[in-house]
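A short worksheet on the structure shown next.
The values are calculated or read from the model by the stated rules, or taken from the named source; none is laboratory data. Every value quoted in this text rests on a predicted model; they were computed, and no experiment measured them. Positions of Cβ are backbone-derived with ideal geometry, glycine not excepted, and every protein chain shown enters the neighbour counts.
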Amino acid sequence: GNSVTQMEGPVTLSEEAFLTINCTYTATGYPSLFWYVQYPGEGLQLLLKATKADDKGSNKGFEATYRKETTSFHLEKGSVQVSDSAVYFCALRFAGGTSYGKLTFGQGTILTVHP
Amino acid sequence: EPEVTQTPSHQVTQMGQEVILRCVPISNHLYFYWYRQILGQKVEFLVSFYNNEISEKSEIFDDQFSVERPDGSNFTLKIRSTKLEDSAMYFCASKGGGATDTQYFGPGTRLTVL
C-alpha cells in the first residue's frame, strides 16, 4: 500500500539555523506530494505541494522538490524563525480514479525553534 | 478567508456512549473527509463523502462509525458505542470539486473516552 515516512523528531533548532525534514514515500504510481503544518491549537494547513516529478513547491521560505528517483520530498528552509515552531506533516494523494483525494500522512515532525 | 470549523473542541465521554462530532465545511466544497490522530501516531484517513454518500472508507471505519450531512452545511461523524481506543484528535476536511484542489482542515476535536 501507499505510505509516507518522515524523519524522527522532535527537531530543535536555534533561530536562523537551516532546516531539513526528510520525507520519503512508497506508492504505486505517481502521487501528488504535500507538506502540511499544524501550529499549536490550530488545524492542518497546506504549506506547499508538488504534483509531478522535479516540481518544486515553495511557500513562506520553505521548499521541497519532488524526487521520483529517490521517492523523496524533503522540506527545507534556509533560516528558521521562532514562529516556524509547529508540527510538520508530509503527505501524498492520488487525484482521480477511486481515491477520492484521501491524504496519506507521515507521522509528523515537531519543530521547536529557540531565539 | 473561508475555513472549516469543528465543534466541540474537546469531548469527554464514558466508554459505551455515543458521540457526535460536528463539522461545518467550506460552503462550496463537494468532498468531505474525516481523519483521526491517536496521540503520538500518524494522521489516519477514516472516510470520504461525496454526493451524499460514502465514497471511500478505511478499515478503521467499521460499523460503529457513521457519517451524515443532514442539512447541506453540517457534516457529522457519529461513533455509536465508544471504546477507549477511540480516544484521538478527529479532523474534518473539505475540498472543492477539482481533482487537484487543496483539502482544508478544521482545528480538530479531541475525543477522550474514559
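For region B:9-46, the set of residues classified as under 11 Å from the mean Cα position of the chain (by Cα), within 12 Å of B:I79 (Cβ to Cβ) and hydrophobic (A, V, I, L, M, F, W, C) consists of B:I20, B:L21, B:W34, B:L46, listed by residue number. Cβ separations smaller than 9 Å between residues 6+ apart or across chains give the following pairs from region B:35-55 residues that are modelled with pLDDT under 90 to residues that are aromatic (F, W, Y): B:K42/A:F89; B:K42/A:F105. Within region B:40-51, is even one residue more than 10 Å from chain A (Cβ to nearest Cβ), of a type in the set (G, A, S) and either exposed (fewer than 13 other Cβ atoms within 10 Å of the Cβ) or farther than 28 Å from A:W35 by Cα (or both)? Checking region B:40-51: not a single residue is more than 10 Å from chain A (Cβ to nearest Cβ), of a type in the set (G, A, S) and either exposed (fewer than 13 other Cβ atoms within 10 Å of the Cβ) or farther than 28 Å from A:W35 by Cα (or both).
Could you please find all residues in region A:76-115 being more than 16 Å from A:L44 (Cα to Cα), more than 14 Å from chain B (Cβ to nearest Cβ) and surrounded by 13 or more Cβ atoms within 10 Å (Cβ to Cβ)? Selection gives A:E76, A:K77, A:V80, A:Q81, A:T112, A:V113.
Applying the condition of being in a strand (DSSP E or B) and in contact (Cβ under 8 Å) with a residue 40 or more places away in the chain to region A:63-80 and asking which residue is nearest to A:I21 (Cα to Cα) yields A:L75.
Exactly one residue out of A:T112, A:T71, A:T104 is within 16 Å of A:P10 (Cα to Cα) and polar (S, T, N, Q): that is A:T112. Residues that are farther than 26 Å from A:K49 by Cα, among the aliphatic types (A, V, I, L, M) and out of contact with any helix residue (DSSP H, G or I) (no Cβ under 6 Å at 6 or more places or on another chain) do not occur anywhere in region B:39-46.
Among the residues of region A:4-28, those that are over 15 Å from the mean Cα position of the chain (by Cα), modelled with pLDDT of 95 or more and part of a loop (DSSP other than H, G, I, E, B) comprise A:E15, A:E16, A:A17, A:F18.
Restricted to region B:63-114, the set of strands (runs of 3 or more DSSP E) holding at least 1 residues that are under 29 Å from A:L33 (Cα atoms), within 10 Å of chain A (Cβ to nearest Cβ) and modelled with pLDDT of 95 or more comprises B:88-95. Residues that are more than 10 Å from chain A (Cβ to nearest Cβ) and part of a loop (DSSP other than H, G, I, E, B) within region B:5-29 comprise B:P8, B:Q14, B:M15, B:G16, B:Q17, B:E18, B:P25, B:I26, B:S27, B:N28, B:H29, listed in sequence order. Contact map, region A:29-45: first residue assigned to a loop (DSSP other than H, G, I, E, B), second residue of a type in the set (A, V, I, L, M), Cβ cut-off under 6 Å, separation 6 or more or different chains; pairs are A:P31/A:L92; A:Y39/A:A86.
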